[in-house]
1. Rounding to the nearest 20 debye, state how big the charge dipole of the chain is about its Cα centre with +1 on each Lys and Arg Cβ and -1 on each Asp and Glu Cβ.
2. Let me check the size of segment 1-79 from its C-alpha atoms; what are the radius of gyration and Dmax in Å?
3. How much accessible area does R78 have with a 1.4 Å probe, in Å² rounded to the nearest 10?
4. For the charge dipole of segment 158-294, defined by +1 on Lys and Arg C-beta atoms and -1 on Asp and Glu C-beta atoms about the Cα centroid, which residue among Y170, I200, L246 has the Cα displaced farthest towards the positive pole?
5. What percent of all Cα-Cα pairs in the chain falls into each 5 Å bin, going from 0 up to the bin containing the maximum distance?
6. Accessible area per residue of the chain at 1.4 Å probe, in Å²?
7. Taking 10 °C and 1.306 mPa s as the conditions, I'd like the Stokes-Einstein D for segment 150-294 in µm²/s, using the Kirkwood hydrodynamic radius from alpha carbon pairs.
8. Ignoring ligands, DNA and RNA, what percent of the accessible area of segment 29-148 is carbon or sulfur (1.4 Å)?
Amino acid sequence: MPTSVTITGSGTPMLAAGRAGPGAMIRHDATTIQVDAGRATALRLTEAGVGLNDLDALLITHHHSDHLLGVPDLALTRWTSNGPVPYAGLPIHCPLGPAVDYLEAMFDQLAPDIQSRRGVSNYPDDPHPTVHPFEPPAPDSGVAPVATYGEVVIEAATVDHGDLAPAVGYRFTTPDGVIVVSGDTRVCAAVEQLARGADILVHEAFVGELLVRRGLSAARLANLGHHHADAAEVGAMAARLEVPALVITHLVPSPGSPEEAARFRDEVRAGGYDGDLTIAEDLHTAMIPVPAGQ
């Protein structure tokens, strides 16, 4: 199977019909890795034909709730669907910080449920994941290794998500090429370094004009710009890097019509990007092209 990325959730903290919480799935041959798990991630994976026990690992970009709300559902459903046989906990990689505390405590309130299933259905173990914290690179210090699964080499860089730290983006290198998932970030030098030479860049974006139409104040829009990426600036960065394919996700605001989706496309193009551009919907899949004859 060629290396691909599937958007399992293109949404934001605000509910929008048809858009699950933020997430992306990387696949290469038999290796499947999920980045973030917002609301309804387990459902989106099922719709994509991926069994939860097929996941090799979950990566977390940062500890905002919209990127984490689906983790307990994913991990617990993976456990219950495994049946009363020995269970390998889901490996989860995340930067050291509050995300670790969340992951280690996320089943505390579900202890009665877990105990009941173990007692009634003879489950031999518990659903707790295996958490692998890593030290995020210092800002603007470059890219650091995280893990390797099969032929997928994973690296991370610390990105600029305003006053929230730590926040990282991930780079996936396979024999086919490179996919980068930005996480939540402004356009910054760290993302440029992470995405240099990438075949596909998955990046978040907002369109200020649409937010103003929906009543966002100038002060709140300015604050948003300290934490997230303006769509035109993403386009300009992707043009500088000559990234062949750009996928825009975590759309702020979530488009409510084809016309609003077109505004995202127009803004990215206004930044100068003329490559393969997708304004993502849930379950959109982009593949690294395989050279003819391979």
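The values are calculated or read from the model by the stated rules, or taken from the named source; none is laboratory data. All figures in this text were calculated on a predicted structure; none of them were measured in a lab. Ideal geometry is used to build each Cβ from the backbone, glycine not excepted, and the neighbour counts take in all protein chains shown. Surface accessibility is based on the protein's heavy atoms, side chains included, excluding ligands, DNA and RNA. Shrake-Rupley method; radii C 1.70, N 1.55, O 1.52, S 1.80 Å.
1. So the dipole magnitude of the chain works out to roughly 400 debye.
2. Taking only Cα atoms of segment 1-79, I get Rg and Dmax of 11.6, 34 Å.
3. Its accessible surface works out to 10 Å², give or take rounding.
4. With unit charges placed on the Cβ atoms, the residue in question is Y170.
5. Pairs per bin, as whole percents: 1, 6, 12, 17, 19, 17, 12, 8, 4, 2, 1, 0, 0.
6. It amounts to 41 Å² per residue over the chain.
7. In µm²/s, the coefficient is 102.
8. Ligands and nucleic acids excluded, carbon and sulfur give 52 percent.
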